[in-house]
Amino acid sequence: MRRRTVLSAAGAALAMLALGGTASAQEAMKIGLILPMTGPFASTGRQIEAAVKLYMQQNGDTVAGKKIQLIVKDDTGVADVTKRLAQELIVNEKVGVIAGFGLTPLALAPAPLATQAKVPAVVMAAATATITEASPYIVRTSFTLPQATVPMANWASENGIKKVVTLVSDYGPGIDAEKAFSGAFSAKGGQVENMRVPLANPDFSPFLQKVADAKPDALFVFVPSGVGAQFMKQFVERGLDKSGIKLIGPGDVTDDDILNGMGDVALGAITTQHYSAAHDSPENKAFVEAFKKANNGMRPNFMAVGGYDGMHLIYEGLKKSNGAGGEALVNAMKGLSWTSPRGPVTIDPQTRDIIQNIYVRKVERVNGELYNVEFATIPNVKDPVKAAKSN
Ligand code: PHB
């Protein structure tokens, strides 16, 4: 009873905000950045917060006459907390944008609030394809797993790989990766077997034993950013590094935040993704150098570039909407194009996902450090799940 009263009061406050009291009427534009700053996915929070702050440092804090004010909140990686924080930020702090969202469940939880209050939600990390369909106020600067994964299936089938076992974290993005890979790879005549491992406290060893017994040409892996180190340790412990089974997958497993700590076992892994710290462009060289300088030498990963581009999207959107928030800001974001550290990008006006190059990369040692070295580019890739729906 009491809970219902509290909820409906919050609902009324959200509805009132949507009616007139939006942040666009004020001089400040507050941005609520909700991230896992503690817990098992804290590396994602650390990378995105650092990138957002770097963007503001480089581009100032006044846009279209609005003073940009950043409020960072730690959701500890728990979806109920993300939702409560989003509600507090919208109702009490009157933020004009919510942003961040380190994992899929954390991006989905506040989606109804964004819709109800007409507050744009910029998803900088989470990557299950359906997320942008949860609210017309969601705009994404990260990627989708099917977008990163279909090129992996194509590369594998064109490079003599016939039999693959997939091993994915058992939740949204893992299931997306498994389906995208299996569909595209078997359509080209490949043979594939699927395995899923729990997201929380994963023990890979029983699965890796099965992989060793199955003797596929390649093991396809998706684990979320930060978990790859633990996976790689068990990969070695099970002797799979000496089995001749090739390691492939979307780039999350060899994420730049942890890659250099993995050692020689990672050498030769082939992955497909939208960002490598080794991407060869003047924009990326400047980004990596500034990011490292501001963060004690920490190397930016794909989460950082999602945060950096997310801020760019908010800034450029505000310029285009003349400082207006709400629906005007979302509309202004649609169709924006720019040169990111990852390469050329565009916000798809139909889906509010990001259209971007996907690169095929191989882990190599460069000047004593491990990097995902890009060797092929598939240009301007859209999320294939939504592209198939619209055909
Ligand atoms: C997600 O939960 O959507 C997610 C998290 C980390 C990744 C990719 C996807 O590396």
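The values are calculated or read from the model by the stated rules, or taken from the named source; none is laboratory data. Just so you know, these numbers come straight off a predicted model, no measurement behind them. Glycine also receives a Cβ, built like all others from the backbone with ideal geometry; neighbour counts cover every protein chain displayed. SASA here: full protein model, heavy atoms, side chains in, ligands and nucleic acids out. Shrake-Rupley method; radii C 1.70, N 1.55, O 1.52, S 1.80 Å.
Here are a few things to note about the model shown:
- Cβ crowding within 10 Å averaged over residues, with 55-67, 227-239 ranked highest first: 227-239, 55-67
- Alpha carbon centroid spacing (whole Å) that separates the range 255-312 from the range 181-243: 23 Å
- Cα-based shape type of the range 127-223, given that a ≥ b ≥ c are square roots of the gyration tensor eigenvalues and the cut on a/c is 1.5: oblate
- All-pairs Cα distance distribution in the range 169-226, expressed in whole percent, bin size 5 Å: 4, 17, 28, 25, 19, 7, 1
- Taking every protein chain into account, the 1.4 Å probe leaves LEU70 with about 50 Å² of accessible area, to the nearest ten.
- Translational D in µm²/s for the chain (Stokes-Einstein at 10 °C, 1.306 mPa s, Kirkwood Rh from C-alpha pairs): 75 µm²/s
- For the range 82-98 and the range 24-72, distance of Cα centres in Å: 14 Å
- For the pair ASN331 and LYS188, the difference between a 0.36 nm per residue extended length and the Cα-Cα distance amounts to 47.6 nm.
- Helix axis angle, 302-320 relative to the chain longest principal axis, alpha carbon, degrees: 30 degrees
- Highest mean packing comes first when the peptides 88-98, 342-352 are listed by Cβ atoms within 10 Å, giving 88-98, 342-352.
- Taking the protein heavy atoms of the range 35-101 in the context of the full set of protein chains, the accessible area attributed to carbon and sulfur is 48 percent at 1.4 Å.
- Pairs beyond 31 Å (Cα-Cα), from LYS334/LYS389; LYS118/LYS179; LYS188/LYS210; LYS83/LYS285; LYS320/LYS382; LYS334/LYS362: LYS118/LYS179; LYS83/LYS285; LYS334/LYS362
- The range 139-189 - percent of accessible surface contributed by carbon and sulfur, probe 1.4 Å: 50 percent
- Size descriptor, Kirkwood hydrodynamic radius, that averages inverse alpha-carbon separations across the range 248-391, Å: 16.3 Å
- Counting heavy atoms of the protein chains alone, ARG84 has an accessible area of about 120 Å² for a 1.4 Å probe.
- The apolar share of the surface of the range 225-346, taken as the fraction of accessible area on carbon and sulfur atoms (1.4 Å probe, ligands and nucleic acids excluded), comes to 48 percent.
- At a probe radius of 1.4 angstrom, the accessible area of the range 164-318 per residue rounds to 36 square angstrom.
- In degrees, nearest ten, helix 282-294 long axis to first principal axis of the chain (Cα): 80 degrees
- Area accessible to solvent at LYS83, 1.4 Å probe radius, in Å²: 90 Å²
- Each of VAL265 and PHE375 was given a label point 7 Å from its Cα along the Cα-to-Cβ line. The distance between the two points is 2.3 nm.
- For the range 197-225, the residues whose backbone nitrogen is under 15 Å from a point 7 Å from the Cα of LYS163, taken along Cα to Cβ, are 210-220.
- Annotation for MET298 and LYS242: the two label points, set 7 Å from Cα along the Cα-Cβ direction, are 3.7 nm apart.
- Acute angle (nearest 10 degrees) that the helix 172-187 long axis makes with the longest principal axis of the chain, alpha-carbon atoms: 50 degrees
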